[in-house]
Amino acid sequence: MKHKAFFIIILTLWMAWPAMAQDTLTVMQYNLLYYGNYQSGFADCYETNNNTQRKDECIRTIVDYVKPDIFTVCEFGATQALQNDFVRHNLNINGATYWQSDNIINYAGSNIINHIFYDSRKMGLKKHVALRTNPRDTDIYELYMKTPSLAAGDTIKLVCIVAHPKAGQGYESQRRALMQTAMDYVNQYYPTDNVLIMGDFNMYSANESGYRLLTQTYSNPAICFMDPVAGVGGVGEWTNNGQFAQFHTQSTRSYSDECFSSGGLDDRFDFILMADEIAFSYNHMRYVQGSYHAVGNDGHHFNMSVDQGTNNAVPAEVAEALFDGSDHLPVTMKIAVDAHLGIEDNETQGLQATVAPNPASDRAVVSFFNPSQGEVQFELYSLQGQLLQRDAAAFGEGAQQYELALHDVIKGFYLLRIRHSDGFEQTVKVIIQ
């Protein structure tokens, strides 16, 4: 995951993405710092120092700047009335009427919850499931694209998992347990779907077991979440480490006033991670390279308040809103959506390759359609971009099969690139167990 070669492969795949009708989704995740929660003694946050009306002003400024299509939040007060007011005061304003949400689920009975808001012109919400985790539920939202060009019955699915495990040193095992619950659910219900997992993870390092569980394949070989900044130096021992200054999301201020955390920007707590399906464009969605960032982080405010001096990342009013509205920076990314499904994709892909069995063990058969007579190469790569084996053979035109020998490949998650001498190519996910 740390190797740049891996991201060179991704870049190559992105460049090969067909030039078809597309839309782009902007996703934003934001910890709102006890939004609307004024319970006495609760984290020393009261109406006087964490006023909802003032926070609303800040949120409107940030939303207007980022213009998200999907807006997920943590630390949202657990009342339906608050959700309704949030939509009315911050989203469906200035003539907008399309922002929607869903009813609150709160099995844990927490004072603060996760939530989602989305542009209903582009997406619909099919399902909302809450997993009972500690100390708060983990929420799973299954969205579908409303794309006019889709054939009847077709859809493009995006699953957003919003998680907020317990903060603090010493709770690493509890955070891992929450992530394991989420991974188990994805394994069971969404193993090959477009999935994002986001939230305030409260993780201090890439070596924390919960982060490794999400991003390494040895625990869940069928699923792997990618960190968008892994190839640009964003993964490592990021807490209070100036080397990771441009990736920090907490805290927005260098001093404390009871409710807000102090110390300036020195922790990377907030994440949006993507399933390999999005990273490698398997299911009509792909991550837009370079679009992931912490809003308001210019890399020059390590251990400083986000609005201190000049902020080169955002306008001054946005930096001020980030400072006043929370002690976290939101994180955002873009996803390109391919609006075409079915036969149009098959014609574009050409090879139409599949691998069976998948997961495989010592052998697998690649079935594909050869558009013209010629040589076809089969290249197996690790997630780190290492070429493990290369085979080649000559094939005639039409439906073909090729048997891959996998005896010497350890179990895990791999990419098989199939290349035809005339320029056709396709990459297929292969799981070896």
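Each value in this text was obtained by applying a stated rule to the coordinates, not by laboratory testing. Keep in mind that this is a model prediction, so the values were computed, not measured. Don't worry about glycine lacking a Cβ; one is built from the backbone with ideal geometry, like all the others, and counts go over all protein chains shown.
For this structure, a couple of remarks:
- 11 Å beta-carbon shell around residue 223, net charge (K/R +1, D/E -1): -3
- Distance from the range 389-433 to the range 237-301 (C-alpha centre basis), Å: 36
- Between the alpha-carbon centres of the range 352-373 and the range 49-107 there is a gap of 47 Å.
- Plainly put, the chain has a radius of gyration that is 0.99 times its Kirkwood radius, both from alpha-carbon atoms, as the Rg/Rh ratio.
- Mean residue ellipticity (222 nm) of the chain, computed from DSSP H runs ≥ 4 via -39,500 (n - 2.57), nearest 500: -5500 deg cm²/dmol
- For the range 305-318, 3J(HN,Hα) computed residue by residue from phi via the Karplus equation (6.51, -1.76, 1.60; θ = phi - 60°) reads 5, 5, 9, 6, x, 9, 9, 8, 8, 9, x, 4, 5, 6 Hz, glycine and proline entered as x.
- Working note: Karplus 6.51/-1.76/1.60 with θ = phi - 60° gives the range 364-381 the couplings 8, 10, 9, 9, 7, 9, 8, x, 7, 4, x, 7, 10, 9, 10, 10, 9, 10 Hz, where Gly and Pro are set to x.
- Each Lys or Arg adds one and each Asp or Glu takes one away; over the other residues whose Cβ falls under 15 Å from the Cβ of residue 101, this sums to -1.
- With Cα atoms, 0 to 90° folded angle of helix 172-189 axis to the chain main axis: 50
- Highest-first arrangement of 193-205, 161-173, 46-58, where packing means the average Cβ count within 10 Å: 193-205, 161-173, 46-58
- Column: log10 I(q)/I(0), Debye, Cα scatterers of the range 350-432, q = 0.11, 0.22, 0.24, 0.25 Å⁻¹: -0.26, -1.00, -1.17, -1.26
- The residue among 134, 199, 314 whose Cα reaches farthest toward the positive pole of the charge dipole of the chain, with charges on the beta-carbon of Lys, Arg, Asp and Glu, is 134.
- Dipole magnitude of the range 71-222 about its Cα centre (Cβ charges: Lys, Arg +1; Asp, Glu -1), debye to nearest 20: 120
- Peptides ranked, highest mean first, by Cβ atoms within 10 Å: ranges 394-404, 352-362: 352-362, 394-404
- Here the spin labels are modelled as points 7 Å beyond Cα on the Cα-Cβ line, and at residue 394 and residue 181 they lie 6.0 nm apart.
- Rounded to 10°, Cα long-axis angle of helix 4-15 versus longest principal axis of the chain: 80
- Charge dipole (Cα centre; +1 on Lys/Arg Cβ, -1 on Asp/Glu Cβ; no other charges) of the range 350-432 amounts to roughly 300 debye.
- Radius of gyration and maximum dimension Dmax of the range 37-175, Cα, Å: 16.6, 55
- Checking the cross-link pairs 67/122; 146/166; 55/122; 67/146; 157/429 against a 25 Å limit on the alpha carbon distance flags 146/166; 55/122 as lying beyond it.
- Distance between the pseudo-spin-label points of residue 288 and residue 80 (7 Å out from Cα toward the beta carbon): 3.6 nm.
- A Cβ-based charge dipole, computed about the Cα centre of the range 4-338 with Lys and Arg at +1 and Asp and Glu at -1, lands at about 780 debye.
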